[in-house]
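First up is the structure itself, then whatever we jot down about it.
The values are calculated or read from the model by the stated rules, or taken from the named source; none is laboratory data. Here the structure is a predicted model, which means the values were calculated and not measured. Cβ placement follows ideal geometry from the backbone for every residue including glycine, while neighbour counts extend to all protein chains displayed.
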Amino acid sequence: MLFGKYFWITTFLLAFSYPTTGEEKKRKPRPAPVVSPLFQEEGSITFQIQAPNAKSVSVSGEMTKGKLELTKGENGIWKGRLQEVEPGLYGYSFSIDGVKMLDPGNPNLKPMRSPKTSILHIPGDKDFDFRDVPHGSVHYHGYQSDPIDRFREMQVYTPPGYETGKEAYPLLVLQHGHSDSFATWIAYGKAHWILDNLIAAGKARPMIVLMLDGHPIPESYGNGRSPENTEELRRDLLEAALPMVEEKYRVLPGRENRAIAGLSMGGMHALTIGLGELDTFSTVASFSGAIPDKSAIDPVLSNPDKTNHQLNLLWIACGKDDFLLGENKKLIAMLEENGIEHQWHLTEGGHSWPVWRDYLAKLAPLLFR
């Protein structure tokens, strides 16, 4: 005991009596970080990054037409300015000598499997902007999925007033795309703000939203559309995630209170799982979705009377410039040939988040009515 006591005192004294060298006294303060983007009063936006050895630097994203070439200045800092950018939520990346990367001066990152996209948010009066209305909460869950013997992650949105009330709510399963993760619908899609705003305006019913990782097989990244990956997701959702959410949250029972939707890869997951499990889901929606193999939905196509009786809503949308438009048109043709009731929305835009946020804002008011 005495040794421990005196050792601590000696260490304490040495720490405060150790002489400072002249070199340490002359040490320069840490340089200020290079912050990007910078918002100017006149409305322009400047992107900047320190890359003293780079030969070329550019920025590209959803707010640019092509690339914005940056110019090298003092201290190896490259800068470029966009004169006018409409209010919105945009993803962008730097390219340094051909290598795509995040903006190191911006802490707002899009959750992705291979993160390369930063977020530029210019507030306006969009459905996805934060407004002074009652707000819900977003909950994180990590869990061991026994059906597939894997660690899994998900987020759950609960509507305004959930924590202080006793009411039960319907449930929407909302799935992400191939490059994204279970966190992307919140961090970048702003699904929680979209729903908060619609609920406050009386345009959508309050609901609980489950956002699940769409890559249960880790090696599925690169082939998330594979039947094996989709099947593991189906088992995890139906046998682990849904039961856990129903146990932990006040969820209304019954298939009429269940909907599943998704974008791109998640659209294919929603179509495959939702149409294959009409005893669980009464509404299925696809945003620019990859379409499932015909064999996966043959039972739905071959029995239109039963399908139409079970489906409250089959909602499908795709942009005119989307590379998956051809696949979606094939799906619509199959539905029409087999007499399956559906809503088809051909819109402006391509395969991008500005389109998918708008789809969620259009779909949510139709749910659970």
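Rundown of residues vs (1) out of contact with any strand residue (DSSP E or B) (no Cβ under 9 Å at 6 or more places or on another chain); (2) surrounded by fewer than 17 Cβ atoms within 10 Å (Cβ to Cβ), yes/no style:
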residue: 292; (1), (2): yes, no
residue: 304; (1), (2): yes, yes
residue: 311; (1), (2): no, no
residue: 314; (1), (2): no, no
residue: 324; (1), (2): no, no
residue: 335; (1), (2): no, no
residue: 344; (1), (2): no, yes
residue: 351; (1), (2): no, no
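Restricted to region 121-229, the set of strands (runs of 3 or more DSSP E) holding at least 3 residues that are among the hydroxyl-bearing types (Ser, Thr, Tyr) and under 20 Å from the mean Cα position of the chain (by Cα) comprises 137-145.
For the condition farther than 24 Å from residue 139 by Cβ and in contact (Cβ under 8 Å) with a residue 12 or more places away in the chain, what is the one hit in 244, 268?
On the way: 244 fails: farther than 24 Å from residue 139 by Cβ.
Every option except 268 fails the conditions.
Residues in region 153-180 that are touching a Pro at 6+ places or on another chain (Cβ under 8 Å) and surrounded by 22 or more Cβ atoms within 10 Å (Cβ to Cβ): 2 in all.
Inspection of region 274-296 finds a residue satisfying the criterion of being basic (Lys, Arg), more than 24 Å from residue 239 (Cβ to Cβ) and either free of Cβ contacts under 8 Å to residues at least 40 places away in the same chain or in the same structural domain as residue 360 (by TED's automatic domain parsing) (or both). Only one entry of 346, 263, 313 meets the criterion of being aliphatic (A, V, I, L, M) and more than 15 Å from residue 172 (Cβ to Cβ), and that entry is 346.
When you scan region 241-265, how many residues do you find that are crowded, with 19+ Cβ neighbours inside 10 Å and closer than 19 Å to residue 157 by Cβ? Break it down into steps so the answer makes sense when it comes.
Here is the first cut: in region 241-265, the residues crowded, with 19+ Cβ neighbours inside 10 Å are 241, 245, 251, 257-265.
Filter once more, so that each one left must be closer than 19 Å to residue 157 by Cβ: 241, 245, 251, 257-263.
Count: 10.
Of all the listed residues (79, 110), the sole one being over 30 Å from residue 194 (Cα atoms) and in contact with a Ser or Thr (Cβ under 9 Å, 6 or more places away or on another chain) is 79. Of all residues in region 100-120, those that are of a type outside the set (Lys, Arg), closer than 20 Å to residue 70 by Cα and outside any strand (DSSP E or B) total 6.
Six or more apart or on different chains, Cβ under 6 Å: which pairs go from a residue in region 184-208 that's in the same structural domain as residue 359 (by TED's automatic domain parsing) and closer than 18 Å to residue 173 by Cβ to one that's hydroxyl-bearing (Ser, Thr, Tyr) and outside any loop (DSSP other than H, G, I, E, B)? Could you list them? Listed by first residue and then by second, the contacts come to 192/157; 206/169; 207/169; 208/158; 208/169. Scanning region 63-84 for residues that are in a loop (DSSP other than H, G, I, E, B) and surrounded by fewer than 17 Cβ atoms within 10 Å (Cβ to Cβ) turns up 64, 65, 66, 67, 73, 83, 84.
On the stretch given as region 32-62, residues that are more than 18 Å from residue 121 (Cβ to Cβ), among the hydroxyl-bearing types (Ser, Thr, Tyr) and part of a loop (DSSP other than H, G, I, E, B) total 1.
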